[in-house]
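Participant: So that we are looking at the same thing, I have put the structure below in structure tokens.
The values are calculated or read from the model by the stated rules, or taken from the named source; none is laboratory data. Please read all numbers here as calculations on a predicted model, not as lab measurements. Methodologically, a virtual Cβ is constructed for each residue, glycine included, from the backbone with ideal geometry; neighbour enumeration extends over all protein chains shown. For the accessible areas, the whole protein counts, side chains as well, though only heavy atoms, and no ligand, DNA or RNA atoms are used. Shrake-Rupley method; radii C 1.70, N 1.55, O 1.52, S 1.80 Å.
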Amino acid sequence: MRRLGLFAAALAVSTTPLLAQATPSCPTAATLPDLMKATDDAISGPGNKDRTCMRQLFVPDARLIPYVKGKDGSWAPHILTVEDWITRVAQRGDKVFYERQVKYSIEQYGHIAHVWSYYEVRETPDGKPMARGINSMQAVFDGSQWKFIQILWEQETPEEPLPAKYLP
């Protein structure tokens, strides 16, 4: 019995570094610029990467809402939970993409904020943008960090290019 206990202790000590590597170190979002950077980092990468940090950037029951044009030409929101978004993105498997908030403005009062953001999506960090659009993001501050309640976005289309005032 004593050998089993020693074996279990040795196994726990030997696997601790592996467990530490498997769980990503998630930055805290003490400021809204911190939240924006952490969001880009959490979204970007392979579709099937660990999304622990993504989950930590949102309040429970937060929503991610792409506003998209259907085949019939009508526009509609597709309301997703964070887990819905993660499931959809995971379907890309190892395929990588990078999203960056290129230019944003913040309106804040007390513990609430709205961020209006111009984003670009690329296949490589320095590649040509393959998509771009506008994010409307609402966030709250809990006394130590900012978290999103909702992100609503619309991707640019040839029929509706982004206005120059939103571009860098």
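Participant: Where does segment 82-168 land on the Kirkwood hydrodynamic radius, alpha-carbon pairs, in angstrom?
Facilitator: 14.6
Participant: Same structure again: Once label points are set 7 Å from the Cα along Cα→Cβ at both ARG92 and TRP75, what is their separation, rounded to one decimal in nm?
Facilitator: 2.4
Participant: Tell me the per residue accessible area of the chain using a 1.4 Å probe; a whole number in Å² is fine.
Facilitator: On the way: 10500 Å² over 168 residues.
Result: 63 Å² per residue.
Participant: At 0.36 nm per residue, and after removing the present C-alpha to C-alpha distance, how many nm does the segment from VAL140 to TYR67 gain when stretched out fully? Spell out each step's value before the answer.
Facilitator: Details: separation 73, 0.36 × 73 = 26.28 nm, distance 2.24 nm.
Residue separation times 0.36 nm, minus the Cα-Cα distance, leaves 24.0 nm.
Participant: Starting at 0 and stepping by 10 Å, how many percent of the alpha carbon pairs of the chain end up in each bin?
Facilitator: Taking every Cα pair in the chain, the percentages come to 9, 32, 33, 14, 7, 4, 1, 0.
Participant: So, one more: Starting from segment 38-79, pick out the trypsin sites (Lys or Arg not before Pro) whose DSSP state is loop and whose Cβ has at most 14 other Cβ atoms within 10 Å.
Facilitator: Those that pass, being in a loop and sparsely packed, are LYS71.
Participant: Once you've got the GNM for the chain with C-alpha springs shorter than 10 Å, pick whichever of SER117, SER136, SER25 has the biggest mean-square fluctuation.
Facilitator: The residue with the greatest mean-square fluctuation here is SER25.
Participant: Where the centre of each part is set by its Cα atoms, how far does segment 121-163 sit from segment 40-109, in angstrom?
Facilitator: Cα centres, segment 121-163 to segment 40-109: 9 Å.
Participant: Next question, about the same structure. So how many Lys-Lys pairs in the chain land under 30 Å Cα to Cα, not counting same-chain pairs under 8 apart?
Facilitator: 29
Participant: Moving to a separate point now. Quick query: amide H of SER44 versus all other amide H atoms, modeled in the peptide plane; which residues come in under 5 Å with a sequence gap of 5 or more or a different chain?
Facilitator: GLU99
Participant: A further question on this structure: For labels at SER44 and ASP126 in the simple 7 Å Cα→Cβ model, what's the distance in nm?
Facilitator: Those two pseudo-labels are separated by 1.3 nm.
Participant: In the chain, carbon and sulfur make up what percent of the accessible area (probe 1.4 Å)?
Facilitator: On the chain, the fraction of accessible area on carbon and sulfur atoms equals 59 percent.
Participant: Please identify, among GLN56, GLN91, GLN150, the residue showing maximal mean-square fluctuation in a Gaussian network model of the chain using a 10 angstrom Cα cutoff.
Facilitator: GLN91
Participant: Further question: When all protein chains stay in place, what accessible area (Å², nearest 10, 1.4 Å probe) is found for TYR98?
Facilitator: Ignoring ligands and nucleic acids, TYR98 comes out at about 60 Å².
Participant: Based on the Cβ-Cβ distance of ASP34 and GLU160, what FRET efficiency does E = 1/(1 + (r/R0)^6) give at R0 = 41 Å, to the nearest 0.05?
Facilitator: 0.85
Participant: Ignoring ligands and nucleic acids, what accessible area does ARG100 show with a 1.4 Å probe (Å², nearest 10)?
Facilitator: Its accessible surface works out to 90 Å², give or take rounding.
Participant: Let me ask something else. Please report the net charge: other residues with Cβ closer than 13 Å to the Cβ of LEU35, K and R +1, D and E -1.
Facilitator: Summing Lys/Arg as +1 and Asp/Glu as -1 gives -2.
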